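Structure first, commentary second.
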Amino acid sequence: MKRIVALLLALMMLLSMAACGGQETTSENGSNTQEGGSTNAGGETSTEGGATEEGGETTPAGELPDYSTVMSTDNQPLFPEMVIKDFPERPEDPEALGEDEAGHWYDMEHAGWDAVKSSNLPTSPGDGPEGKEIYVIVHGDHPWTTAYTNGINKACETFGIDVTVLSPNWDVNLQNQQIDQAINAQPDAIILIPVNAESAVQQFRKITEAGIPAFGSNLLTTSAAMEYMIAWTGPDDWGQMRELAREMADAMNKEGGVCYLTHNPGGSAYFARMYGPRTELAEYAPNIKTLDFQSPGFDAAACKQVVSDWITKYGDELNAIFCADDSAQLIGTIDAIKEAGREDILVYAAGNSKTGQDYVKAGDVECINYQSAEGDAAAAVLTVAKWFNGEEVPPMAYMAPVMINAENVDSFYPCQW
């Protein structure tokens, strides 16, 4: 009998302990948590904001608002498809290679390949984007930048983020002052399009050392600058120029002469939009010859004069013109071609302003590339929102290249700028 009683008492104690250990309470949001805080399978303890922390890492606070149906001005998804690229093997000595060899530009095209993130990078609060305040500092005034700002505002509204946008109008000294202004405001994050790659390192370092998370957008910088930013998003400028160059080469039957109107010298767009196509052609269509390249800026009259001079100098040797801009540069180019009666010259350009798309639709331009300014901005804001939410974000993400030609141009109206 004593044995039976002892066994019954032991069984009752075990049942009592199991009941106490399994007791649950309901939180304000209706979810069940164990007393003393919830614990997941990995032994991490949930914080009040819904994020979990262990060693400074966080997990998402909750689902972000549905952004998949938000559209940009041109009826394309505001938040574009993004691509994570694998870096190819780096040449042993890129500078020893010729300028028409892709490997020469490896450190520019694949900036970030050797970036080691600074130990000073802030950690995510893990409590979501709602109510956060950010500053966005662009590079300069331009219709593209106006569209980019529209995208910033639309994307921030989607996630409930307050935003202030500043523009230095291509003045790096003014941009440095605006960075100081933004740091003094102590926002929750800063998105920066640097005026040039040389200034980017100290700019991103300054933001990070002030304890503010920095995010790069649009223009590629250098690996050294990327060490001081949480993440970078933007177009695959080199990749889309390579694809555009192949389109041009096929139309030229892979032979003939090309001239280039470049972007502003010094910025990443300058190198990508000249050496991207040139190095691609060197491999894909080596019989295509570079006749000349000039940097007349974005004044239509200046571009027209350069193209007129090319037509006079090279005559029938000039078979195609590759423009780094599809607005003012195209206006000058097409005017010069028509005045010279040289409609046989093929024209390709980077970007998709209304000017460029109208030229494609009219048959004056063969192909341009879709580069959504609003989408570029939205990609940066989405990355910031995910980071606020405690989600892991890739250090670099590119917008997927898309070509616009006579067959699909109608689907990209109305234009963003």
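The values are calculated or read from the model by the stated rules, or taken from the named source; none is laboratory data. Please read these numbers as outputs of a predicted model, since none were measured by experiment. Glycine gets a Cβ as well: all are built from the backbone with ideal geometry, and neighbour counts include every protein chain shown.
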**Request:** State whether the residues of the stretch 313-323 include one that is under 27 Å from residue 111 (Cα atoms) and at pLDDT 95 or above.
**Result:** yes
**Message:** Out of the residues in the stretch 103-122 meeting the condition of being closer than 17 Å to residue 271 by Cβ and assigned to a loop (DSSP other than H, G, I, E, B), tell me which one is modelled with the highest pLDDT.
**Reply:** 110
**Request:** Specify the residue that is nearest to the chain's Cα centre (by Cα); the eligible residues are those in the stretch 131-147 that are closer than 18 Å to residue 326 by Cβ and among the hydroxyl-bearing types (Ser, Thr, Tyr).
**Result:** 145
**Request:** Please work out which residue is surrounded by the most Cβ atoms within 10 Å (Cβ to Cβ), limiting yourself to the stretch 295-338 and to residues that are hydroxyl-bearing (Ser, Thr, Tyr) and in contact (Cβ under 8 Å) with a residue 60 or more places away in the chain.
**Result:** 333
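Suppose we keep only residues that are among the polar types (S, T, N, Q) and out of contact with any helix residue (DSSP H, G or I) (no Cβ under 8 Å at 6 or more places or on another chain) within the stretch 163-203. Which one would you say is nearest to residue 227 (Cα to Cα)? Show your work before the answer.
The first filter runs over the stretch 163-203 and keeps only residues among the polar types (S, T, N, Q), leaving 164, 167, 169, 173, 175-178, 181, 184, 186, 196, 199, 202-203.
Then keep just the ones that are out of contact with any helix residue (DSSP H, G or I) (no Cβ under 8 Å at 6 or more places or on another chain); that gives 169, 173, 177-178, 181, 184, 186, 202.
Numbers: 169: 26, 173: 22, 177: 22, 178: 21, 181: 22, 184: 22, 186: 21, 202: 11 Å.
Looking at the filtered set, the residue picked out is 202.
Condition check ((1) more than 21 Å from the chain's Cα centre (by Cα); (2) among the hydrophobic types (A, V, I, L, M, F, W, C); (3) loosely packed, with under 15 Cβ neighbours inside 10 Å) across all residues:
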residue	(1), (2), (3)
167	no, no, no
173	yes, no, yes
176	yes, no, no
184	yes, no, yes
197	no, yes, no
204	no, yes, no
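Residue-wise test of (1) assigned by TED's automatic domain parsing to the domain that holds residue 173; (2) part of a helix (DSSP H, G or I); (3) at pLDDT below 95.
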| position | (1), (2), (3) |
| --- | --- |
| 198 | yes, yes, yes |
| 203 | yes, yes, no |
| 212 | yes, no, no |
| 216 | yes, no, no |
| 219 | yes, no, yes |
| 224 | yes, yes, yes |
| 242 | no, yes, no |
**Message:** For the stretch 339-380, which positions are in contact (Cβ under 8 Å) with a residue 60 or more places away in the chain and touching a Lys or Arg at 6+ places or on another chain (Cβ under 9 Å)?
**Reply:** 350, 374, 377, 378
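In contact with a Pro (Cβ under 7 Å, 6 or more places away or on another chain) and closer than 21 Å to residue 329 by Cβ, is that true of residue 248? Please lay out each step first, then the result.
Working: in contact with a Pro (Cβ under 7 Å, 6 or more places away or on another chain): no; closer than 21 Å to residue 329 by Cβ: yes.
Judged against the criteria, residue 248 is not a match.
Consider residue 162 carefully, then state whether it is closer than 29 Å to residue 69 by Cα, touching a residue at least 12 places away in the same chain (Cβ under 8 Å) and in contact with a Cys (Cβ under 8 Å, 6 or more places away or on another chain).
yes
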**Item:** All positions within the stretch 186-195 that are surrounded by 20 or more Cβ atoms within 10 Å (Cβ to Cβ) and in contact with a Gly (Cβ under 9 Å, 6 or more places away or on another chain)
**Value:** 191, 192, 193, 194, 195
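Of the residues 275, 284, only one is at pLDDT 95 or above and in contact with an Asp or Glu (Cβ under 8 Å, 6 or more places away or on another chain); which?
Values: 284 fails: in contact with an Asp or Glu (Cβ under 8 Å, 6 or more places away or on another chain).
The unique qualifying residue is 275.
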**Fill in**
Subset of the stretch 255-282, residues under 18 Å from residue 307 (Cβ atoms), of a type in the set (Val, Ile, Thr) and surrounded by 22 or more Cβ atoms within 10 Å (Cβ to Cβ), comes to 258
**Request:** Looking for whichever is on the phi > 0 side of the Ramachandran plot and assigned by TED's automatic domain parsing to the domain that holds residue 215 here; the options are 128, 112. Which one fits?
**Result:** 128
**Search result, residues across the stretch 245-254 that are in contact (Cβ under 8 Å) with a residue 40 or more places away in the chain and surrounded by fewer than 21 Cβ atoms within 10 Å (Cβ to Cβ)** = 247, 251, 252
**Message:** Of the residues 100, 74, only one is crowded, with 20+ Cβ neighbours inside 10 Å, in contact with a helix residue (DSSP H, G or I) (Cβ under 6 Å, 6 or more places away or on another chain) and part of a loop (DSSP other than H, G, I, E, B); which?
**Reply:** 74
